[in-house]
There are 2 protein chains.
Amino acid sequence: MAEKLYGSIEAGGTKFIVAVAGEDDQVTAQERVKTEDPQTTVANCVKFFKQYDLAGLGIGTFGPIDINPNSPTFGYIKKTPKPGWSNFDLQGEFERQLQVPVKMTTDVNASVYGEYIARGRRNDQTLFYVTIGTGIGGGMLQAGKFIGLNNHPELGHMTARKHPDDDYAGGCPFHGDRCFEGLAAGPTLEGRTGIAGEKLPRDHQVFKFIRYYVAQLLFDVYLTTRADVLIVGGSVLNEADMPEVRRDFAELMNGYLDVPDLEQLIVRPAVADNGSATLGDFELAKLAAK
Amino acid sequence: MAEKLYGSIEAGGTKFIVAVAGEDDQVTAQERVKTEDPQTTVANCVKFFKQYDLAGLGIGTFGPIDINPNSPTFGYIKKTPKPGWSNFDLQGEFERQLQVPVKMTTDVNASVYGEYIARGRRNDQTLFYVTIGTGIGGGMLQAGKFIGLNNHPELGHMTARKHPDDDYAGGCPFHGDRCFEGLAAGPTLEGRTGIAGEKLPRDHQVFKFIRYYVAQLLFDVYLTTRADVLIVGGSVLNEADMPEVRRDFAELMNGYLDVPDLEQLIVRPAVADNGSATLGDFELAKLAAK
């Protein structure tokens with residue numbers, strides 16, 4: 001019997017990354033499919049996957065999506081500013097066109113799931129993964145189960161308290177400077193400085209604000225869920241930012257709780273190159289195939 | 001065979017409420033035990049319970065407590081300003097002195113557990129219970145399991161964004177005006193006005209701030225956990241405050257997510273007279289007895 005193959009889709013606003021792996025999660029084929037209208041995008045993904053005899057497909061996608069299994073629109077993309085994508089049956093289209101079992105969750109849930117696998121599938125822990133990129137989103141896994149039963153977390157839009165030196169008006173179309181996404185997502189770098197984020201020197205003081213808001217978000221989620229590991233993913237911050245994030249976290253705590261070693265608590269992903277989601281998708285594909 | 005009896009302790013900073021019920025959760029005996037030093041307090045509770053042939057005991061207590069089953073201090077009260085109570089083995093003392101199986105959690109976890117039972121034990125829902133009293137605390141139950149695996153939530157100390165008209169310096173010894181407890185717990189009423197909270201007229205503008213911060217806390221926890229029911233308990237707010245809490249919640253959301261009927265989402269407890277915790281304790285007692 002040939003080895004079983006599994007498919008992964010990381011569905012994003014600019015590209016869908018499609019990949020195939022065997023039982024060992026090692027990627028044997030991968031492609032980038034440009035995000036166009038939903039029909040074209042799905043057709044291009046299907047063309048890639050039809051080259052393989054898949055046993056299951058896992059999708060980690062941008063949101064919001066309907067994850068309520070009792071909902072008539074389960075597996076659909078919900079209201080989104082992306083043209084054509086609102087109310088699109090993403091999971092159903094792949095099920096119908098590929099005729100394989102599919103499991104779908106958010107991109108950040110897929111990432112935290114991948115981290116769970118990479119960190120040894122510990123069911124005695126709660127993991128939190130936050131990505132700081134074009135937007136801010138997070139996923140949590142307690143004892144191997146996602147937090148968020150009928151809807152997925154939207155914690156980039158949690159209320160943020162402004163840094164006293166930060167006079168930025170904020171970039172969230174819904175919340176201005178009231179939420180973390182409006183104050184600390186990638187586009188706020190250019191919003192504050194007029195310079196594209198990737199061109200800013202890493203010692204620019206604007207990163208001080210980003211680190212502070214990320215620490216505040218981690219602090220608030222920690223007090224809510226008491227996660228054992230807080231994983232900071234995405235492209236805006238990197239390993240060199242973590243010491244200051246930990247210091248800001250400790251300042252926010254101000255001795256209220258005895259916290260474990262912050263170097264163990266606040267970390268970068270265990271899977272390199274933002275690959276956590278792909279690993280999580282393959283696991284979802286295996287669950288779908290069961 | 002005689003009906004089985006179960007014990008409940010609501011352990012608070014001023015009193016321990018001890019109660020006994022049968023399988024039907026109807027309280028057949030109840031007493032208030034003054035909170036003194038731990039040995040005296042436990043002895044007085046034990047005296048009450050020794051009158052009955054208990055099958056199990058459930059405790060909902062003030063925190064912080066150690067809920068990590070792998071910890072050598074599992075079941076202990078952790079560091080607390082209450083004299084004598086730090087590092088006290090509360091669960092162990094009752095197990096040893098009563099020789100019955102005991103299950104213990106936080107007071108707010110016991111409350112959310114009681115609400116879960118009163119609302120039909122729905123495992124397709126996530127419930128959040130917050131109490132606004134001397135302090136602010138909350139508990140969550142997703143599909144019948146507590147959120148918070150090795151430590152319990154401490155969400156009264158989450159970061160709050162100040163209401164633009166609120167110039168109160170805050171009452172939290174750790175966080176000043178930076179956290180919800182420092183801005184909206186019962187003592188902040190007197191902190192702001194110089195008048196004891198229970199003597200303030202309900203239309204005093206200070207309640208506007210409390211309602212706003214409660215709405216903000218509910219909003220932040222909703223975005224994190226996507227709970228299906230947000231239950232506002234405690235003595236500071238009442239049913240008449242809920243319309244404004246819902247209105248502030250909707251203003252914070254500002255159309256970002258389509259939210260279900262707010263009258264179904266944001267509610268007062270289903271169990272009257274803050275009795276949710278006792279009901280939750282009896283359920284813990286039954287689980288302990290199994």
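Mind putting together the pair-distance distribution for the stretch B:120-269? All Cα pairs, 10 Å bins, whole percent per bin, short to long. For the stretch B:120-269, the binned pair fractions read 11, 43, 35, 11, 1 percent. Counting only DSSP beta bridges whose two residues both lie in the stretch B:120-269, roughly 60 percent are antiparallel. For chain B, averaging the sequence separation of C-alpha pairs within contact (under 8 Å, six or more residues apart) and dividing by the residue count gives a relative contact order of 22 percent.
Between chain A and chain B, the total buried accessible area stands at approximately 4000 Å², from heavy atoms with a 1.4 Å probe. Taking amide H as placed 1.01 Å from N in the peptide plane, the amide H of B:Arg268 sits under 5 Å from that of B:Val232, each at least 5 places away or on another chain. Within the shell defined by Cβ-Cβ distances under 12 Å, the residues around A:His152 carry a net charge of -1, with Lys and Arg each +1 and Asp and Glu each -1. Looking at the protein assembly as shown, send over the antiparallel percent of its DSSP beta bridges, to the nearest 5. Beta bridges within the protein assembly as shown, antiparallel portion: roughly 55 percent. When the accessible area of the stretch B:120-269 is computed with all protein chains present and a 1.4 Å probe, what percentage of it is carbon and sulfur? For the stretch B:120-269, the apolar C and S fraction of the accessible surface comes to 47 percent.
If you run the Gaussian network model on chain A, springs between alpha carbon atoms under 10 Å, then out of A:Ala19, A:Ala118, A:Ala272 the most flexible one is A:Ala272. With 20 Å bins beginning at zero, the pair-distance distribution over Cα atoms of the protein assembly as shown amounts to 20, 51, 26, 3 %.
Is any residue of the stretch A:18-61 close enough, with backbone N under 12 Å, to a label point placed 7 angstrom from the Cα of A:Thr80 along the Cα-Cβ axis, and if so, which? Flagged as within label range: A:35-39, A:41-42, A:60-61.
Residues of the stretch B:113-144 whose accessible area (probe 1.4 Å, heavy atoms of protein chains only) drops by at least 50 Å² once all protein chains are present, relative to their chain alone: B:Gln142.
Work out the length of the dipole vector of chain A about its Cα centre, built from +1 on the beta-carbon of each Lys and Arg and -1 on the beta-carbon of each Asp and Glu, and round it to the nearest 20 debye.
Here the size comes out at about 500 debye.
The residues of chain A expose, per residue, 41 Å² of accessible area to a 1.4 Å probe. Each principal axis of the Cα atoms in the stretch A:185-290 has its own extent, and those three values, largest first, are 50, 38, 20 angstrom. About the centre of its Cα atoms, the stretch A:134-290 shows a dipole size close to 340 debye [charges on the beta carbon of Lys, Arg (+1) and Asp, Glu (-1) only; nearest 20 debye]. Rounded to the nearest 20 debye, the dipole magnitude of the stretch B:134-225 is 180 debye, with +1 charges on Lys and Arg beta carbons, -1 on Asp and Glu beta carbons, and the Cα centre as origin.
Over chain B, the alpha carbon radius of gyration divided by the compact-protein estimate 2.2 N^0.38 Å works out to 1.01. Summarising the label geometry, the points placed 7 Å from Cα in the beta-carbon direction at B:His204 and B:Gln51 lie 3.9 nm from one another.
Peptide A:210-220 is shielded by partner chain Cβ atoms: per residue, an average of 2 of them sit within 10 Å of its Cβ. Close amide H contacts of A:Gly56 (hydrogens built in the peptide plane, cut-off under 5 Å, sequence separation of 5 or more or a different chain): A:Gly7. The label-point distance for A:Leu287 and B:Gln26, in a model that sets each label 7 Å from Cα toward Cβ, rounds to 4.4 nm.
For the stretch B:1-56, the relative contact order is 35 percent, taking Cα pairs closer than 8 Å that sit 6 or more residues apart in sequence and dividing their mean separation by the residue count. Label-point spacing at B:Arg96 relative to the other copies reads 6.7 nm, in ascending order, each point sitting 7 Å out from Cα along Cα→Cβ. What does a probe at B:Phe174 reach in the stretch B:32-74, counting residues whose amide N is under 17 Å from the point 7 Å along Cα→Cβ? Only B:62-68 fall inside the zone, counting backbone N under 17 Å. Modelled spin-label separation between B:Ala196 and A:Asp261, with each label point placed 7 Å from Cα along the Cα-to-Cβ direction: 5.1 nm.
Separation of the stretch A:154-214 from the stretch B:112-176 is 27 Å, based on Cα centroids.
Relative contact order for the stretch B:120-269 using alpha-carbon pairs under 8 Å, separation at least 6, rounded to a whole percent? It would help to have the intermediate numbers written out before the result.
Numbers: 234 pairs, mean separation 37.3, N = 150.
Relative contact order here is 25 percent.
Sorted shortest first, the distances from the A:Glu251 label point to those of the same residue in the other copies are 3.0 nm; each point sits 7 Å from Cα along Cα-to-Cβ.
Derived value for the stretch B:103-154: Kirkwood hydrodynamic radius 11.1 Å. Basis is the mean of 1/r over every pair of different alpha-carbon atoms.
Peptide packing: for B:231-243, A:136-148, B:159-171, B:183-195, the average count of neighbouring Cβ atoms within 10 Å per residue gives the ranking A:136-148, B:183-195, B:231-243, B:159-171, highest mean first. Couplings 3J(HN,Hα) for the stretch B:29-41, derived from phi with the Karplus relation 6.51 cos²θ - 1.76 cosθ + 1.60 (θ = phi - 60°), are 7, 8, 9, 9, 10, 5, 7, 10, 5, x, 4, 4, 4 Hz, where x marks Gly and Pro. Rg of the Cα atoms in the stretch A:1-56, relative to 2.2 N^0.38 Å, amounts to 1.14.
The values are calculated or read from the model by the stated rules, or taken from the named source; none is laboratory data. Owing to the predicted nature of the structure, the values given are computational and were not obtained by experimental measurement. Positions of Cβ are generated from backbone atoms using ideal geometry, with glycine treated the same way; all protein chains shown enter the neighbour counts. Remember, those area values only see protein heavy atoms, side chains included, never the ligands or the DNA or RNA. Shrake-Rupley method; radii C 1.70, N 1.55, O 1.52, S 1.80 Å.
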